[in-house]
Amino acid sequence: MVNRRDILRAAGAGLVASSIPGLALASANTEARFVLVILRGAADGLAIAPAYGDGNYARVRGELALSSREINKLDGIFGLHPALADIHDQYRQRQALIVHAVASPYRERSHFDGQDVLENGAAGVGMLRDGWLNRAIAPLGGSLGNEVAIAMAQNTPLVLRGDNSVTSWAPSGLPDAEDSTIERLQDLYAGDEFFAMRLVQALDAQAIAEADTGMTQMNSRGNEAQQMQTMAAATARFLRAKDGPRIAVLEAGGWDTHANQGTTSGALANRFEGLDAGVRTLREELGGTWSKTVMAIVTEFGRTVAVNGTRGTDHGTGTAAILVGGAVAGGRVLADWPGLRNSDLHQGRDLRPTTDLRSVFKGVLAEHLQLPDAEMHTSVFPDSAAAPSMRGLINSA
Amino acid sequence: MKLETAIAANRFGLGAKPGELDKVDRNPRHWLLDQLQGPSRPAREIRDLPDSASVLVDIQDLRREQRATRSLEDDEPAPDFVQKYGRTVRRHYLEQTNARYRNAARTDYPFHERLVHFWSNHFAVSADKQPMPAIAGLYENEAIRPNVTGNFADLLIACEQHPAMITYLDNQRSIGPDSTLGRRASRFRSERTVGLNENLAREILELHTLGVDGGYTQDDVTSFARVITGWSVGGAAENGRFAEGTPGEFEFREIIHEPGAQRVLGKRYSQSGVDQGEAVLHDLALHPSTAKFLATKLARHFVADEPPAALVDELAATYLENGGELVPVYEALVNADAAWIELHSKYKSPHDFVISSLRAFDHVPDNGRFIVGALDLMGQTPFRPGSPAGWPDTAEHWGGADALYKRIEWSNTVARVVGSRVNPVDLGDAVLGPAFSASSRKAIGRAESNVQGMTLLLASPDFQRR
């Protein structure tokens, strides 16, 4: 069914396209779905997936250690935090895997630089002003007004910024502006590419949201778990829409647990609960589309292995990443485990990273989104030959 | 009317109120420089706010009440307590937010006020961690406002010693391993880990002074964390050692302070007590990296997302030549020709957009919910940047597609409420002056109603930029 915003979007895209040469109209050419979840603030990998079977774990983690009874076991060494119950269910159904002792190429301890490297995909801070996921989607089709990727927020995070047109969406409690007002704004913006393009992109997301009665009623109220569920539900609606985006980016904050991070309950456990609820909601709302989906849950770096003076952990290096989704070849923990003895640690304090997070991203982009290998090591992740694409992350079926 | 008038009122100020441009036009640069003289002159509702110490005491009392009434079977706080606590925090938050934006909507010193907001964002405490929502606005008025036209070192020390910052970055219980309490704990092999928390030390170096590339190492972070052990808040516990001190005020706790000299950035600090940390902060304030970092942020905020290197160098040099005095830096900024070349060099943040709309409408909201709702919708919830880095300051960040759509929806909603009172073309002339382009003027003049014209005016590129 064609709705109001669809018509305005098409008209607007035509208007902008005529002023920008070479802008074609096309929809996405893949059925695969990819959801990137960025945990901002450096999530504690040893709390996500405690190495309960490592003989040094209980000692080095002190009062933050979880016992083998408290965790959900993954294998003989690793477990999952008990609040990640749904992810554990997916693991048992071979639809979730953990990559441990993983890190981006960044080796300092600033959140903001760490997130910059995580998102820009370059070998270092500030080396690129656009994001690896934006650069990666070029072969997937899509165009202005038919965006392949959506940021689930008002603004677009760095990982999705760049030359390829993307959109964004967040719930609204305000009445929609009249069609005639939008039309006049399109005229008013015609001479200003910055505004003109953004309005068309917004109308793309609005057209999908408007066609889905559940979404217009969504709001951003509630506690963090509820908000995460709202955004996960909205993400699912976009990803299952016909001709909708195939790629979504979600962000969640509050992982910087310097004090009182807690164990089976507490501040960090509450975050895990919200995240887990988000995964469950996305899976349920996606229905059959879940089988074509990979969700990657990542953070900028990990935290110190030892507990600090305030029952928390300080900024570290290696951490854990989660892949979950119907297309994931799961039920495994992938780790070249560095160990937890003092001499094993990075600079005597952090989990030593043994896997480059870019290898994980490359594996998903290549095997799941079928993106060409050649570009992966050059334009998407420049100077990353040392981080080979990780194979076998995706179900071949 | 001069182009400089529009730039002064909209880029350096908070957006013109009707009639304000005529005043500015007499001498735009003087209009700005005059606002740097004398103390901050906030509106009554800001002056009437309670002080943060009393709010912190109220909140602490509430928490203690919670612990006392906590049921023994489960560890969950009673639901009526959660409600009461939430209501109290929210009341303070709305009151402070309302006061901040009412003041910004009316002030005749908008350049001064923009500087308050700028530094408040530079030294951000984010209201997503308790009890920040109840005190973030008070912190701005107590630590930032009195120091924006003073010396940076004083501003720095006021912020790092404010209970809001100490609590936000977890320093109140950071314990020196060789302090009296630290030694006692290790002697008794207490179950609890006792030691440093390096959060505040790291963020002072990275975000408040040197900047991330400013030339410090992990060892500097750790030794600086030792230096500021003991920087705490009075009455941080109901009884015992942490109960000492005036509740809700800065308290130096000798008992957890790491004794002895420390080396930070190659310099040895052998002072004792709180002096040691203050000495480090004084040196950090005058470090060339700090000068460069602050100059870059100021130039980015007032001139362009990618500020001209020559301007940054000039501001940094001015800062160092004047020993960290801030007014000469602001003066250099206002007097720099580079700051006046481009009319619309910045895309407004939601904060800027909402304040400038209120000023244009000459409308003062009497309910903090209206402001919080609007800014939340546009992705910039007041006092809640989500991290100590504060809000970003570039169009790249604020330029999300949905964010623009939310501005349009909000413009439309506000126009429906106030739009019939004024003619949108007249208002555009009055608040944008020479920054009101002929094409916008024409499009708005052709609107089918006043309400639609007002929506177009607020959503127009001319109004969305500064």
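State yes or no: is A:Thr213 buried (at least 21 other Cβ atoms within 10 Å of the Cβ) and over 12 Å from A:Arg5 (Cβ atoms)? So A:Thr213 does not fit the description; no. Of the residues making up the stretch B:288-319, those that are within 30 Å of B:Gln262 (Cβ to Cβ), out of contact with any His (no Cβ under 8 Å at 6 or more places or on another chain) and either surrounded by fewer than 21 Cβ atoms within 10 Å (Cβ to Cβ) or not assigned by TED's automatic domain parsing to the domain that holds B:Arg226 (or both) are B:Pro288, B:Ser289, B:Thr296.
Just one of the listed residues (A:Ala232, A:Ala236, A:Ala196) is assigned to a helix (DSSP H, G or I), under 22 Å from A:Gly141 (Cβ atoms), at pLDDT 95 or above and touching a Leu at 6+ places or on another chain (Cβ under 6 Å), and it is A:Ala236.
Contact map, the stretch B:400-414: first residue within 7 Å of another protein chain (Cβ to nearest Cβ), second residue hydroxyl-bearing (Ser, Thr, Tyr) and in a helix (DSSP H, G or I), Cβ cut-off under 6 Å, separation 6 or more or different chains; pairs are B:Asn412/B:Thr455. Taking helices (runs of 4 or more DSSP H) as the structural unit, those lying wholly within the stretch B:27-136 and holding at least 2 residues that are within 21 Å of B:His301 (Cβ to Cβ) correspond to B:28-34, B:79-106, B:110-122.
Against the list (1) facing chain B (nearest Cβ under 7 Å); (2) crowded, with 23+ Cβ neighbours inside 10 Å, the condition A:Val166 fails is (1).
Please go through the stretch A:174-196 and give me each residue that is farther than 15 Å from B:Gly399 by Cβ and within 7 Å of chain B (Cβ to nearest Cβ), ordered by number. Answer for the stretch A:174-196, where residues must be farther than 15 Å from B:Gly399 by Cβ and within 7 Å of chain B (Cβ to nearest Cβ): A:Leu174, A:Pro175, A:Asp176, A:Ala177, A:Ser180, A:Thr181, A:Arg184, A:Leu185, A:Asp187, A:Leu188, A:Gly191.
Of all residues being farther than 18 Å from B:Asp402 by Cβ and either within 9 Å of chain B (Cβ to nearest Cβ) or assigned to a helix (DSSP H, G or I) (or both) in the stretch A:199-227, which is modelled with the highest pLDDT? Just the residue, please. Show your work before the answer.
Taking the stretch A:199-227 and keeping what is farther than 18 Å from B:Asp402 by Cβ, we get A:213, A:222-226.
Checking the rest, the ones that are also either within 9 Å of chain B (Cβ to nearest Cβ) or assigned to a helix (DSSP H, G or I) (or both) come to A:213, A:224-226.
Numbers: A:Thr213: 73, A:Glu224: 76, A:Ala225: 81, A:Gln226: 86.
Per the stated criteria, the residue is A:Gln226.
For B:Ala153, the conditions (1) in contact with a helix residue (DSSP H, G or I) (Cβ under 7 Å, 6 or more places away or on another chain); (2) part of a loop (DSSP other than H, G, I, E, B) are fulfilled apart from (2). Scanning the stretch B:190-240 for residues that are under 19 Å from A:Thr310 (Cβ atoms), of a type in the set (Ser, Thr, Tyr) and touching a residue at least 24 places away in the same chain (Cβ under 8 Å) turns up B:Thr222, B:Ser223, B:Thr229, B:Ser232.
Restricting to the stretch A:239-271, count the residues that are farther than 30 Å from A:Gly145 by Cα and crowded, with 21+ Cβ neighbours inside 10 Å.
Step one: filter the stretch A:239-271 for residues farther than 30 Å from A:Gly145 by Cα, giving A:254-271.
Now restrict to residues that are crowded, with 21+ Cβ neighbours inside 10 Å: A:255-259, A:261, A:268, A:271.
Matching residues across the stretch A:239-271 total 8.
In the stretch B:428-466, of all residues being part of a loop (DSSP other than H, G, I, E, B), without any contact (Cβ under 8 Å) to a residue 60 or more places away in the chain and within 20 Å of B:Asp25 (Cα to Cα), the one that is nearest to the other protein chains (Cβ to nearest Cβ) corresponds to B:Ser437.
Check whether at least one residue in the stretch B:353-374 is farther than 18 Å from B:Phe436 by Cβ, buried (at least 22 other Cβ atoms within 10 Å of the Cβ), within 13 Å of another protein chain (Cβ to nearest Cβ) and not polar (S, T, N, Q), and report yes or no. Yes, because at least one residue in the stretch B:353-374 is farther than 18 Å from B:Phe436 by Cβ, buried (at least 22 other Cβ atoms within 10 Å of the Cβ), within 13 Å of another protein chain (Cβ to nearest Cβ) and not polar (S, T, N, Q).
How many of the residues in the stretch A:112-154 are in a loop (DSSP other than H, G, I, E, B), touching a strand residue (DSSP E or B) at 6+ places or on another chain (Cβ under 8 Å) and surrounded by 23 or more Cβ atoms within 10 Å (Cβ to Cβ)? So that I can check it myself, show each step before the final result.
Quick first cut of the stretch A:112-154, residues in a loop (DSSP other than H, G, I, E, B) only: A:121-131, A:137, A:142, A:144-145, A:147-148, A:152-154.
From the residues that got through so far, the ones that are touching a strand residue (DSSP E or B) at 6+ places or on another chain (Cβ under 8 Å) too are A:137, A:142, A:147-148, A:152-154.
Now restrict to residues that are surrounded by 23 or more Cβ atoms within 10 Å (Cβ to Cβ): A:137, A:142, A:147-148, A:152, A:154.
Adding up the residues that qualify gives 6.
Does the stretch A:350-358 contain at least one residue that is within 18 Å of the chain's Cα centre (by Cα), crowded, with 20+ Cβ neighbours inside 10 Å, over 25 Å from A:Lys73 (Cα atoms) and at pLDDT 95 or above? Yes: one or more hits.
Name the residue, out of B:Glu160, B:Glu113, that is surrounded by 23 or more Cβ atoms within 10 Å (Cβ to Cβ), among the charged types (D, E, K, R) and over 12 Å from the mean Cα position of the chain (by Cα).
Details: B:Glu113 fails: over 12 Å from the mean Cα position of the chain (by Cα).
One residue alone meets the criteria, B:Glu160.
Here is a check on your reading of the model: is B:Ser289 among the hydroxyl-bearing types (Ser, Thr, Tyr) and not in a helix (DSSP H, G or I)? Here the answer is no, as B:Ser289 does not meet what is asked. Taking the criterion of being over 26 Å from B:Gly211 (Cβ atoms), in a loop (DSSP other than H, G, I, E, B) and either touching a Pro at 6+ places or on another chain (Cβ under 6 Å) or not β-branched (Val, Ile, Thr) (or both), the residues of the stretch B:361-381 that qualify are B:Asp362, B:His363, B:Pro365, B:Asp366, B:Asn367, B:Met378.
When each of A:Arg94, A:Arg161 is tested for being away from chain B (no Cβ under 12 Å), touching a residue at least 24 places away in the same chain (Cβ under 8 Å) and among the basic types (Lys, Arg), the lone residue that passes is A:Arg94.
The set of residues in the stretch B:248-262 that are in contact with a strand residue (DSSP E or B) (Cβ under 6 Å, 6 or more places away or on another chain) and in a strand (DSSP E or B) comprises B:Glu251, B:Gln262.
Number of residues in the stretch A:1-36 that are at pLDDT 80 or above and more than 19 Å from A:Tyr189 (Cα to Cα) equals 8.
Taking the condition of being without any contact (Cβ under 8 Å) to a residue 60 or more places away in the chain and either of a type outside the set (A, V, I, L, M, F, W, C) or more than 9 Å from chain B (Cβ to nearest Cβ) (or both), how many residues in the stretch A:113-137 meet it?
The first filter runs over the stretch A:113-137 and keeps only residues without any contact (Cβ under 8 Å) to a residue 60 or more places away in the chain, leaving A:113, A:116, A:120, A:124-126, A:129-131, A:134.
Pick out the ones that are also either of a type outside the set (A, V, I, L, M, F, W, C) or more than 9 Å from chain B (Cβ to nearest Cβ) (or both) and you get A:113, A:116, A:120, A:124, A:126, A:129-131, A:134.
Counting residues in the stretch A:113-137 that are without any contact (Cβ under 8 Å) to a residue 60 or more places away in the chain and either of a type outside the set (A, V, I, L, M, F, W, C) or more than 9 Å from chain B (Cβ to nearest Cβ) (or both) gives 9.
The values are calculated or read from the model by the stated rules, or taken from the named source; none is laboratory data. Bear in mind that the values here come from a model prediction, so they are computed numbers and not experimental data. All Cβ positions, glycine included, derive from the backbone under ideal geometry; neighbour counts span all protein chains shown.
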